[in-house]
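Accompanying notes for the structure given below.
Read-outs: derived from the displayed coordinates by stated rules, not from any lab. What you are looking at is a predicted structure, and each value in this text was computed from that prediction instead of being measured. Note that each Cβ is placed from the backbone with ideal geometry, even for glycine, and that neighbours are counted across all protein chains shown.
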């Protein structure tokens, strides 16, 4: 079945450092790929998405490119802020159904220190 | 346009009691999904439903757990005879009927945090 593997955390960075969180996936067909963010005590918010190979999703300075050849969707940000501290989840959507069931990675806890 | 609404936000139950969690999807959304997040873990799919139909319940425990999405009213996730291991955050999400060209995005509620004493 479909699966998502994320870089293990936790990740601790200083403010303005470069961030990479690795994500690889296994899927049949051509799923859409997502990054969701969860702030403490809250639900998940969509951060960015990509629907086909070579698409780049971007939002709030974060970017991720859908790489079909390496089955990856790594999250990057050039300069992190304290407010980026959260848990980040990579996810893919299955195909061929009327709904949109998502399969999530285990999540990566990011802490940014001032 | 209101987002996905879940209640209660926090629920405390003693072992053996029943827990009922409610979810109202976003306006215009026909599908509801339930996920469970155990402490320090990721989200695990439980079930997804369309009005009056369970589409996929492959992630639901075989006993004590049930879900419904009636024609009128919110979706309900019901846990009977709760045990300590049921303590978790339960997230509901919704989506419209998937159409050609849609991205498959889910919209999440804030979650219901169940504590079993």
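Here A:20, A:108 are placed in order of increasing Cβ neighbour count within 10 Å, fewest first, which gives A:20, A:108. Can you give the relative contact order of the stretch A:1-83 as a percent, counting alpha carbon pairs under 8 Å and 6+ residues apart? Across the stretch A:1-83, relative contact order equals 32 percent. Between residue A:58 and residue B:54, the simple label model (points 7 Å from Cα in the Cβ direction) yields a spacing of 4.5 nm. Summary value for chain B: 36 percent relative contact order, contacts being C-alpha pairs under 8 angstrom separated by 6+ residues. Between residue B:97 and residue B:83, full extension at 0.36 nm per residue minus the direct alpha carbon distance yields a gain of 1.5 nm.
Taking other C-beta atoms within 10 angstrom as a stand-in for reagent exposure, A:80, A:112 fall in the order A:112, A:80, fewest first. FRET efficiency for the pair residue A:14 and residue A:70, taken as 1/(1 + (r/R0)^6) with r the Cβ-Cβ distance and R0 = 22 Å, rounds to 0.15. Highest average first, the peptides A:26-34, A:64-72, B:28-36 ordered by how many other beta carbon atoms sit within 10 Å of their residues are B:28-36, A:26-34, A:64-72.
Once the C-beta distance of residue B:41 and residue B:72 is scaled by a Förster radius of 41 Å, the resulting FRET efficiency is 0.75 to the nearest 0.05. Footprinting exposure proxy ranking of B:78, B:13, fewest other C-beta atoms within 10 angstrom first, gives B:78, B:13.
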